[in-house]
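What follows is a set of notes on a single structure, which appears directly below.
The values are calculated or read from the model by the stated rules, or taken from the named source; none is laboratory data. Predicted model only: the values in this text are computed from it and were never measured. Cβ placement follows ideal geometry from the backbone for every residue including glycine, while neighbour counts extend to all protein chains displayed. Just the protein is used for accessible areas: all its heavy atoms, side chains included, with ligands, DNA and RNA removed. Shrake-Rupley method; radii C 1.70, N 1.55, O 1.52, S 1.80 Å.
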Amino acid sequence: AEISASATGARLQAVAEGTLDEIRSWPAIAETVARADDDTAVILYTSGTTGTPKGAQLTHGNMRANASVSAFQLFGFAPGDVVMGCLPLFHSFGQTCGLNAAVLSGAMLTLLSRFDAAAALSIVERDRVTVFEGVPTMYVGMLQVPGADTSSLRLCISGGAALPEEILTSWATTFGAHILEGYGLSETSPVASFNVAGRSKPGSIGMPIDGVEMKIVDDDGVEVADGERGEVVVRGHNVMRGYWNRPEATSEAIRDGWFHTGDIGLRDEEGFYFIVDRKKELIIRGGFNIYPRELEEVLYKHPDVVEAAVIGIPHAVFGEEVAAAVAVKPGSTVSPEEIRDFIKARVAPYKYPRHVWFVPALPKGPTGKLLKRAIEIPETAR
């Protein structure tokens with residue numbers, strides 16, 4: 001009864017659960033319903049890393065264009081490819097770049113229901129995977145399990161979060177394959193920009209895909225000069241219709257056709273874009289802006305660090321203080337103080353984390369993205 005009421009409220013027809021034989025006897029529906037490009041195809045919920053998830057309404061036009069650009073222009077999918085999807089299909093990355101792009105191009109999609117580094121590498125070897133798609137934490141995990149035959153890989157794709165340059169370099173050395181990093185959000189279907197073979201730059205998110213524009217703007221929405229930091233905004237066929245039942249949030253996010261991502265970035269003189277950090281994760285310590293990603297890049301250079309997250313914690317004098325939660329390799333004898341001194345020697349004095357603590361692993365969402373808001377701050381840091 002509860003399910004039936006919910007279905008009715010959503011204007012859906014509820015049917016009773018039946019056995020497989022009963023379901024097979026149901027009359028087939030042969031007709032298709034006409035749909036326009038601007039009709040909503042899916043509602044994908046944001047990961048909620050900085051607040052309550054919102055339902056991004058992606059249209060048929062959004063999804064079709066993004067899958068086509070991904071499959072053919074960016075990744076060169078073909079019927080002989082075996083694409084490995086370790087991302088949930090309810091996530092925009094997994095749905096568009098994995099499922100939809102593979103179906104559109106006739107490639108094979110091999111799935112792993114719950115990511116495990118050793119299991120993923122065994123599937124790469126077993127199925128002769130040619131394209132691996134994952135988020136940075138997956139690449140970090142697999143680097144701890146070398147030894148698999150990954151010679152079939154022709155392309156590795158990273159998205160969902162910033163990929164530390166140290167991981168990119170280590171992956172190429174360990175597995176002999178290069179990772180191409182891209183950028184997007186649930187609200188942009190998701191792909192907005194990407195590095196491509198022959199036109200890539202380490203640490204960059206590449207250039208806007210065909211049919212999409214990007215620019216860097218200040219707090220007043222005015223475009224800034226190359227090399228200057230500002231908010232990344234996106235316009236094109238990939239921008240969502242709006243948030244489901246959230247008109248105020250939609251108006252705040254989409255202004256004059258430009259989607260405001262909430263990410264801080266910059267563009268270099270060659271047109272490559274770089275993400276500096278999330279606008280909401282910026283730490284302001286005593287009036288100085290500190291970008292966590294810059295410090296995380298340094299932490300990943302330490303040979304014992306597996307995962308790292310830099311966050312701001314309240315401070316009575318400075319407003320915010322810099323802190324870092326770190327996971328180290330099993331058997332490591334390094335101390336939090338040594339990690340702190342390692343980063344202190346490599347950044348400006350006001351930037352290094354005054355508080356460093358170890359955790360077995362950092363909290364992650366269903367896609368493997370780090371959830372900084374779920375990090376527990378020890379009393380000693382408070």
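Which one is most open to solvent (accessible area, probe 1.4 Å) among residues in region 72-112 that are under 19 Å from residue 369 (Cβ atoms) and assigned to a helix (DSSP H, G or I)?
So in region 72-112, the residues under 19 Å from residue 369 (Cβ atoms) come out as 84-99, 111-112.
Those left that are additionally assigned to a helix (DSSP H, G or I): 92-99.
Working: 92: 4, 93: 13, 94: 4, 95: 27, 96: 0, 97: 2, 98: 2, 99: 60 Å².
Looking at the filtered set, the residue picked out is 99.
Exactly one condition in (1) in contact (Cβ under 8 Å) with a residue 12 or more places away in the chain; (2) open to solvent by 70 Å² or more (accessible area, probe 1.4 Å) is false for residue 326; which is it? Residue 326 satisfies every listed condition except (2). Against the list (1) over 23 Å from the mean Cα position of the chain (by Cα); (2) outside any loop (DSSP other than H, G, I, E, B), the condition residue 353 fails is (2). With respect to (1) more than 22 Å from residue 159 (Cβ to Cβ); (2) open to solvent by less than 80 Å² (accessible area, probe 1.4 Å), the lone exception for residue 252 is condition (2).
Condition check for residue 280 on (1) at pLDDT 95 or above; (2) closer than 26 Å to residue 352 by Cβ; (3) open to solvent by 70 Å² or more (accessible area, probe 1.4 Å): one failure, at (1).
Does residue 333 satisfy the condition of being at pLDDT below 95 and either assigned to a loop (DSSP other than H, G, I, E, B) or surrounded by fewer than 16 Cβ atoms within 10 Å (Cβ to Cβ) (or both)? Spell out the reasoning first.
On the way: at pLDDT below 95: no; either assigned to a loop (DSSP other than H, G, I, E, B) or surrounded by fewer than 16 Cβ atoms within 10 Å (Cβ to Cβ) (or both): yes.
Criteria not met by residue 333.
Of the residues 20, 12, 87, 74, which single one is in contact with a Phe, Trp or Tyr (Cβ under 7 Å, 6 or more places away or on another chain) and at pLDDT below 90? Let's see the steps before the verdict.
On the way: 20 fails: in contact with a Phe, Trp or Tyr (Cβ under 7 Å, 6 or more places away or on another chain); 12 fails: in contact with a Phe, Trp or Tyr (Cβ under 7 Å, 6 or more places away or on another chain); 74 fails: at pLDDT below 90.
Sole residue among the options that is in contact with a Phe, Trp or Tyr (Cβ under 7 Å, 6 or more places away or on another chain) and at pLDDT below 90: 87.
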